[in-house]
1. Out of the residues in segment 223-247 that are in contact (Cβ under 8 Å) with a residue 60 or more places away in the chain and more than 13 Å from Ala267 (Cβ to Cβ), which is surrounded by the fewest Cβ atoms within 10 Å (Cβ to Cβ)?
2. Look through segment 158-207, keep the residues that are among the polar types (S, T, N, Q) and assigned to a loop (DSSP other than H, G, I, E, B), and return whichever of them is farthest from Arg98 (Cα to Cα).
3. Which of the residues spanning segment 107-133 are buried (at least 17 other Cβ atoms within 10 Å of the Cβ), modelled with pLDDT of 95 or more and not in a helix (DSSP H, G or I)?
4. Return the only residue of Glu169, Glu136 being in contact (Cβ under 8 Å) with a residue 60 or more places away in the chain and either assigned by TED's automatic domain parsing to the domain that holds His236 or buried (at least 18 other Cβ atoms within 10 Å of the Cβ) (or both).
5. Taking the residues in segment 53-73 that are over 14 Å from the mean Cα position of the chain (by Cα) and not polar (S, T, N, Q) as candidates, determine which candidate is farthest from Leu220 (Cα to Cα).
6. Are any of the residues in segment 310-321 under 15 Å from the mean Cα position of the chain (by Cα) and not in a helix (DSSP H, G or I)?
7. Any residue that is out of contact with any helix residue (DSSP H, G or I) (no Cβ under 8 Å at 6 or more places or on another chain) and not in a helix (DSSP H, G or I) - is there at least one of those in segment 240-248?
8. Keeping to segment 124-155, report how many residues are closer than 12 Å to His75 by Cβ and charged (D, E, K, R).
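The values are calculated or read from the model by the stated rules, or taken from the named source; none is laboratory data. Every value quoted in this text rests on a predicted model; they were computed, and no experiment measured them. Using ideal geometry, Cβ is built from the backbone for each residue, glycine included, and neighbour counts are taken over all protein chains shown.
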Amino acid sequence: MQTILSMLLAAVVAAPVTSTAGAAPTAPAPADLKNVEAVLDYIRANPDDVALVTQGISHNADQLTAVASAIKIVHLAAYVDAVRKGKAKPGERVPVARWNAYHLPGTDGGAHEAALKRLNPGASVTLDQIVSAMIEESDNAATDLLRDRFGPDALRKIARTRVGTVNGEALRAFGGCALPADVCLRKYVKAGKQLQLTLPGFAEQAAWSKTVARIKPGVLRGVLAELTKDKMARKHLEWPMRQPGADLGTLVIGTKEGAMPGVISEAMYIVQPGEKPFETVLVLRDLPEATWFSGLRSYAHQQFIVRMATDASFLARVRAALK
């Protein structure tokens, strides 16, 4: 579960770091993504391993890219579309036992358990609560349940590519299932017996991460832009604004983060008073293990996005770095 609030606020109020604009890196890209300048340095040094699509920047926008859990805004869009067309209702009841059947323990960083704790359900939850678990805690079980509820074709239409099952892919890669991922998950859910996977080391997981949850970043930003127009979608994406102690001044932020070994991603929009949403998709991929862990600790990539949205001179530096 992300600790976005204090990090984003720090990004807005912090004094600018000494500029390095125009200076060529004199050392390898920093292993520690400790702040926005470190993120910019990494992007400058590793442009082929970065996708960034935002205002005036379309870097690797059309390259099919693994985006980890940021792909879940496609599932959110499918939910919004189904509700709008009368094919689903937010209050539709979902048995908790069915939701639990999709859970693959030890593979989601405790997201499923955190969602259950927050919702404190009885025998069932609403469909809208399942969606909230997918966005807020990033629960993979909720994501796969929603994929089955709306159908792979609905997701494909939105994403313009196939959107696979999260836990089905994990079962196929690491759970000993030699069948197609969809079949692996279907059999797992039907059996109703949770399996504790033994995951391999970072390198093997990182290689696998490149093959799943892929979409063109430009398409993903387009999906995000459409969701900013929908009240129900914004309610889910803007969940950080409702957290205790949230005080981002006049900013409104909606976001869905993602992380898999070697990949850090973010699909975020920021709204300032009187302005249109500033939508950004950022993907850092093929990250070395130490760099990846440092990014997860610092959330500097989120600060980086906020800085671009609120500091025109910094945005210009980012554009220059990617020319």
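1. Among those residues, the one meeting the criterion is Gly245.
2. From segment 158-207, those among the polar types (S, T, N, Q) are 161, 165, 167, 194, 196, 198, 205; that's our starting set.
Those still in the list that are assigned to a loop (DSSP other than H, G, I, E, B) too: 161, 165, 194, 196, 198.
On the way: Thr161: 27, Thr165: 16, Gln194: 12, Gln196: 18, Thr198: 24 Å.
Filtering first and then ranking leaves Thr161.
3. The answer is Val125, and nothing else.
4. Details: Glu169 fails: in contact (Cβ under 8 Å) with a residue 60 or more places away in the chain.
Selected residue: Glu136, the only one of Glu169, Glu136 that is in contact (Cβ under 8 Å) with a residue 60 or more places away in the chain and either assigned by TED's automatic domain parsing to the domain that holds His236 or buried (at least 18 other Cβ atoms within 10 Å of the Cβ) (or both).
5. Initially, segment 53-73 is screened for residues over 14 Å from the mean Cα position of the chain (by Cα), giving 53-64.
Among the residues that remain, those that are also not polar (S, T, N, Q) are: 53, 56-57, 59, 61-62, 64.
Details: Val53: 9, Gly56: 16, Ile57: 14, His59: 13, Ala61: 9, Asp62: 10, Leu64: 11 Å.
Top of the filtered list is Gly56.
6. Start the filter on segment 310-321 by keeping residues that are under 15 Å from the mean Cα position of the chain (by Cα), which leaves none.
Taking every residue of segment 310-321 in turn, none turns out to be under 15 Å from the mean Cα position of the chain (by Cα) and not in a helix (DSSP H, G or I).
7. We begin by selecting, within segment 240-248, every residue out of contact with any helix residue (DSSP H, G or I) (no Cβ under 8 Å at 6 or more places or on another chain); these are 241-242, 244.
Checking the rest, the ones that are also not in a helix (DSSP H, G or I) come to 244.
The answer is yes; a qualifying residue exists.
8. Of the residues in segment 124-155, 5 are closer than 12 Å to His75 by Cβ and charged (D, E, K, R).
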